[in-house]
Structures are given as C-alpha cells and as structure tokens.
Amino acid sequence: MSDMTRRCWMDGDEPHEECGLFGAFGVPSVAEILYTGLFAQQHRGQEGAGMVVSDGTRLRYHKNPGRVHDIFSPETIRRLAGSHGIGHVRYSTTGASRPQNVQPLVAECVDGLWAIAHNGNLTNAASLRRTYQQSGSIFQTTTDSEVLIHLLADPHYRNRCQHVGRALAELRGAFSFLLMSRDCVMAARDPLGFRPLVIGTLEGGYVFASETCALRQVGANFMRAVEPGELVQVTSRGLASYRFAEVPPRCAQCVFELVYFARPDSNVFGYNVHQTRMQYGMRLAQEHPVQADIVIPIPDSGVSAALGFSRASGIPFDMGFIRNHYVGRTFIMPEQATRARGVDMKLSVMPEVVQGKRVVVVDDSIVRGNTVQRRVAFLREAGAREVHVRISCPPIRHPCFFGIDFATTSELIAATRDVEQIRAYIGADSLGYLSEEGLLASFADGPRKFCKACFNGDYPTDVSQMRGKLDLEDQQAEEE
Ligand code: SF4
C-alpha cells in the first residue's frame, strides 16, 4: 500500500463530512429559501457557508467561515435580492479551512459570471490543476472544486450546457455540483452517483438539495433525484435534462450516507434514513444477540439503530447518554483542540439509567476506537454491570477518497486489529459489527448500487491519482 493509500478519512470515532448543497430557481425571496435550505443541512458541514443569488442581471454573494446563522444576518438576506441562487455549507475534504475556500466559488469567464458549489472529492483534481497551472492559469483557492471553474473558462468547453457537460465529463471521482450564471441554475451528479442530490418544486419554481430534509423545510415537494451522469438545467424556459456520461453497469452511492451522514428524516438514494437504520439495528440484533437489561444509543446517530436492536431483541430501549446539542457534531469542528474539547462536552452518562444493568450500547461506527473506549469507561464508572457494544456497520478498514476527510490508515483501528482485539482495546464485554451482507440486505440489488470501499477496499473507480486533504494546500505553499 502506498503512502497515498495509507491516508484515510476520519478522526476521533466519527466520520468527517463533507458538504451540503442547496439551490433554487424561480422562487420569490430566494435568499430566505437558500438560508432555510442551508440551515436544514448544517449537519453536513459547519466550517463555512455561502450563497450566490441573481436577479437576472447581476450576481450578488455573501460567504464566510462559520455556521449559517452566524454568517447571514436579516440585513444580509435582504441585500441578496433575486429569484435564483445556490448555496453551500462546507466541511473541508480538500483544502484547508481558510476563508477563500468557502463556497460557492465565483469567477468571471468570457461568457459572464459563474458560481459553483461542490459536494464530493475529485480524484483527478491535482493533475488537472497542474495542467492548467503549467499553461499559465492562476488558482485562487486550494479546493479541488476550483478545477471546474478552469474547465468552464477553457475555450475548448464554451457554449453553455454542452460545454458544461463536456467539462463535467473531464472530472473523476465524486461530485454533486450546483452551478449558476446570471440566468440559470444547473445541477449535476457524477456517473457513479456517490453523493445525493435531489430536485423539488416550490411555488412554480425548482429547488435542489443534497438531502430531502431541506426540501421539506422550505415547503418544497420532492420531484426526483438528479440521476448519476445527468446535468439538469433550469432557465425561464423550464427544466431540461442532458446526459454528460453513460451510466456504468454499477453505481457507487455512498452507503455511509445511510449509516451515518444524512439526517434521519431525509430520504437518501430513495430510502428513508431512519427506517434504514432501524433495519440495520434489527439485523444487528439477529447477527449478534446478547442477554442484557437495556439497549441505549449513542445519540443522535445511533438512535434509530438502537430502536431497531431493541425491537428485534425485545430488550427495552432507554437513554443512557444525553447529548448537549449546543456543542455541535465534534467531527465537523476543524481544529483538533476544539474537537477534543467537544468530545468531552458532548455526551453525559446517566447513572440512574445504567447502574447495575447489563447494557447494550449501539453506535453507527468505530474509527480510531478512542471515543468508544472512553464511553465504555464512563458506563462502567456509572455502575453498568456489563457493557456490550454493537456497531451498525462493518469494520472500517480502508480509506475513502470520495468526499470524506482524510486521516491516516494507521489511525483506523480496524485496519490493524481484528474484532476481538478491538473489543479488548475499548474494554467492552462483547463487540459485534453488522456484516456487509446485513448492510445491504435492506436494498434490492444493493451490491450494484452502493460503494462500500471503506469496508472492503473494493474501490469503484481509479484512485491512483488521489491526494490528501491538504495536498493542494502544500502545492500552493510551495508556490508562494
Ligand atoms: S468509501 Fe464509499 S461507502 Fe465509504 S464513505 Fe467513502 S464513498 Fe462512502
């Protein structure tokens, strides 16, 4: 395994996401709609947020590091007058957490201003960037997303939808993109469909979102998903669909969206997230039964699976941990120090619930093992008689190159230890992971629909050019 492939995607015991997209065309007070849609998807990234709007003649934008409600004041929203626009919440999967990396990215090309917002990770960004730099192009950010701006500006690719489609066809890896110009909004998904992107209708216009929870929040009706390899364009003439790539025989939708990333009230890839996690928990109870007094979740992402485990096993469900919702999801805090403090602050155990009990604790995943180790210790200190850990996905043994933050493979506990060794490390009485078969059992034709590379190393696309999160940053630092 090369140095590059030894890099992977998580810190702490939780995966790092990623980004959220929201766009709208032909709706009144578009900035208010974008604000609400981004706010509903804040869980997908808290490092930065931005929006670009158009009134048909000019583009206005506002973006900054931070969370949606800190960045957009009522006055800012009022100034962003228009009827269409796109927005983005960011966790940096490529490029450091610096202000110029906050999206949407805006650039003036020969055919006018363009704005783009990206969710995913481009596996050929470094080589495309090098090619453009060698021919004199200057990059403003250290994100992989900026290569699309350069493709759009390239004379080879001019002429609207056709040229956007040809530019998208140059990209490899995972991407859901929203693009806009003065008079249109476009949405595109990579041919393998790694990241979700859906279309809704609202008051005679259209909206686009990473997750359906955002559609519901703005009062939009779900219309359909943007298909893998499809480019959708909305103008005053309506919605048109183009293909920029043939759909390969298998898709690679990220199964981890269903395990962990997405909000339980979203439907992702056509499946309700809460119900899917319930089924994971039920299957987990069948695969790893245990005699116990209560089932407790690691809130919030373990709740649905714990409910399923309880239902299938007949063991009563209870809340042994209480989350402080004002701390936020630790994994999307960029600084390690903040993250460490957040982990300590985030959950508190309730001795009144666990004392003297045989406890099953259900979580969505284990990354390094340090956080679950601490939580097992908390449960024992609080008087739990036995602690049985159940995980609603298989062991994570391989890096992700498709939109999840990178750490090193050596930090992934399951890359170097078997289940019994992990059990001993975290100090549990027993440990059980959902099998890969169990993960896919809920879906018809699951193996052909989903990426599971972080579990089995079967990458659905070439990752040989893949770079780490800060490699483009390093490249820029050398140039400075
Ligand atoms: S490797 Fe595949 S399944 Fe795992 S997180 Fe990345 S995209 Fe999702």
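The values are calculated or read from the model by the stated rules, or taken from the named source; none is laboratory data. Treat the numbers as computed from the prediction; the structure is a model and nothing was measured. Positions of Cβ are backbone-derived with ideal geometry, glycine not excepted, and every protein chain shown enters the neighbour counts. Accessible surface areas use protein heavy atoms only, side chains included; no ligands, DNA or RNA. Shrake-Rupley method; radii C 1.70, N 1.55, O 1.52, S 1.80 Å.
Points worth noting:
- Hz values of 3J(HN,Hα) by residue in region 431-444 - Karplus curve (6.51, -1.76, 1.60), Gly and Pro given as x: 9, x, 9, 5, 6, 5, 4, x, 5, 9, 4, 6, 10, 5
- Ranking Met186, Met223 from most to least accessible surface, computed with a 1.4 Å probe over the protein chains only, gives Met223, Met186.
- Residues Met51, Met345, sorted by accessible area with the largest first, give Met345, Met51 [1.4 Å probe; ligands and nucleic acids excluded].
- Size of charge dipole - the chain - debye, nearest 20, with Cβ of Lys, Arg +1 and Asp, Glu -1, no other charges: 580
- Peptides 316-323, 19-26 ranked from most to least packed give 19-26, 316-323, packing being the mean of other C-beta atoms within 10 angstrom over each peptide's residues.
- Surface/4 estimate of mean projected area, convex hull on alpha-carbon atoms of region 348-413, nm²: 5.1
- Length gained when the stretch Arg78-Gln275 is fully extended (0.36 nm per residue, less Cα-Cα span): 67.0 nm
- Relative contact order, whole percent, for the chain stands at 18, derived from Cα pairs under 8 Å and 6 or more residues apart.
- Between Gln162 and Gln133, the distance separating the two model label sites (each 7 Å from Cα on the Cα→Cβ line) works out to 3.3 nm.
- Percent carbon-and-sulfur accessible area, region 7-250, ignoring ligands, DNA and RNA, probe 1.4 Å: 49
- What region 258-456 shows is 39 Å² of accessible area per residue, with the surface traced by a 1.4 Å probe over protein heavy atoms.
- Zone residues, region 16-43, relative to Arg182, backbone N less than 16 Å from point 7 Å out along Cα-to-Cβ: none
- Degrees separating the helix 336-346 axis from the principal Cα axis of the chain, which is the longest one: 50
- Every helix of 4 or more DSSP H residues in the chain counts as -39500 (n - 2.57), and over all residues that averages to -8000 deg cm²/dmol at 222 nm.
- Ellipsoid semi-axes in whole angstrom, largest first, where each is sqrt(5λ) of the Cα gyration tensor of the chain: 39, 23, 21
- Förster radius 60 Å - calculated FRET efficiency between Arg311 and Val110 (Cβ-Cβ, nearest 0.05): 0.50
- Along region 376-385 the Karplus relation, 6.51 cos²θ - 1.76 cosθ + 1.60 evaluated at θ = phi - 60°, assigns HN-Hα couplings of 4, 4, 4, 5, 5, 4, 7, x, 4, 7 Hz to successive residues, with x for each Gly and Pro.
- Extension reserve of the Phe222-Arg237 stretch, reckoned as 0.36 nm per residue once the Cα distance is removed: 3.4 nm
- When restricted to Cα atoms, region 19-146 yields an Rg and a Dmax of 14.7, 44 Å, respectively.
- Protein accessible area in region 258-456, 1.4 Å probe - carbon and sulfur %: 50
- Tail weight of P(r) past 31 Å, computed on alpha-carbon pairs of region 258-456, percent: 13
- Gain upon complete extension [Thr201, Glu246; 0.36 nm per residue less C-alpha separation]: 13.6 nm
- Rounded D (µm²/s) - region 124-278, Kirkwood Rh over Cα pairs, Stokes-Einstein at 4 °C, 1.567 mPa s: 78
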